[in-house]
Amino acid sequence: MAIDPQFDQNREKAGTHEGHDVWGPVEEPEQLGIHGTHVAVDFDICLADGACLKDCPVDVFEWVDTPGHPESEIKADPANEAQCIDCMLCVDVCPVDAIDVDSGRV
Ligand code: SF4
């Protein structure tokens, strides 16, 4: 299952984390929702492959600890989404399609 590109219409904001939005539902530690809006990572799909951290030319992503999550105990957090230059590399390299990037989504 890939990230829902319409998540901003289909989900509610559940809060914020490190300056970006979190889209619910969130039921920690098993369900963590989607982090970010311009650069969005579905934490419930992310399995901590790390290709996005390696390939992003402007270092948008940072690891965050998510102990107890069934897919992985670290996640690629779009901590610096405002720096994104919309190259789409992260979308292309993510093996589980957990990332969606849309500069029109704020
Ligand atoms: S689209 Fe490019 S610049 Fe933006 S987060 Fe992904 S890899 Fe980084």
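No partner Cβ under 4.7 angstrom, meaning no disulfide-compatible partner by this rule: which Cys of the chain qualify?
Among the cysteines of the chain, those whose Cβ sits 4.7 Å or more from every other are Cys46, Cys56, Cys84, Cys87, Cys94.
Per DSSP H run of at least 4 residues, take -39500 (n - 2.57); add these up for the chain, divide by its residues and hand me the 222 nm value, nearest 500 deg cm²/dmol.
Estimated from H runs of four or more residues: -2500 deg cm²/dmol.
When the Karplus curve 6.51 cos²θ - 1.76 cosθ + 1.60 is applied with θ = phi - 60°, which whole-Hz ³J(HN,Hα) does each residue of region 86-94 get, with x for Gly and Pro?
Calculated HN-Hα couplings, in order: 6, 7, 6, 4, 4, 4, 6, 8, 5 Hz.
Pop out the ³J(HN,Hα) list for region 95-103 in order, Karplus 6.51 cos²θ - 1.76 cosθ + 1.60 with θ = phi - 60°, rounded to Hz; leave Gly and Pro as x.
Per residue, the Karplus-derived 3J(HN,Hα) values read x, 10, 6, 8, 10, 10, 10, 8, 5 Hz.
Put a dot 7 Å past each Cα toward the Cβ at Lys13 and Ser103; how far apart are the dots in nm?
2.2 nm
Computed from the coordinates by the stated procedures, all read-outs in this text should not be read as laboratory data. Just so it is clear, the structure is predicted and the values come from calculations on it, not from any experiment. Using ideal geometry, Cβ is built from the backbone for each residue, glycine included, and neighbour counts are taken over all protein chains shown.
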